[in-house]
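Remarks on the structure that follows.
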Amino acid sequence: MNALLGVCRAIDALSRGAARIAMALVLLCALVSAANALSRYVFDLSSNAWLELQWLLFGAVFMLAAAYTLQRNAHVRIDAVSNRLT
């Protein structure tokens, strides 16, 4: 039983580490978004690469933070919405 608890603690630590990476990616995503908007509206320069980078960072944030969100029981339960619909 102690071995399984050790595995669970290791998985929890991995989830916390992934969440820390996701927090840094959120900041990076915001900076890329601001730089992209600035270059588009101020300098009239546009690139699809920056938009793609935003989407990739956005997806990475959700993939990395999903386990931590479930661990903290902070996820959005869709059944609360679907139960109110007919």
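What nm value, rounded to one decimal, do you get for the distance between Ser47 and Leu27 when each label is placed 7 Å out toward the C-beta?
The two pseudo-label positions are separated by 2.3 nm.
Suppose all protein chains stay in the model; what accessible area per residue would a 1.4 Å probe give for the chain, in Å²?
Accessible area per residue: 82 Å².
Roughly speaking, to the nearest percent, how much of the chain's 1.4 Å accessible area is carbon and sulfur?
Here it works out to 69 percent.
The values are calculated or read from the model by the stated rules, or taken from the named source; none is laboratory data. None of these values were measured; they are calculated from a predicted model. Quick reminder, even Gly has a Cβ in these numbers, built from the backbone with ideal geometry, and neighbours come from all protein chains shown. Calculation scope for accessible area: heavy atoms of the full protein, side chains included, ligands and nucleic acids excluded. Shrake-Rupley method; radii C 1.70, N 1.55, O 1.52, S 1.80 Å.
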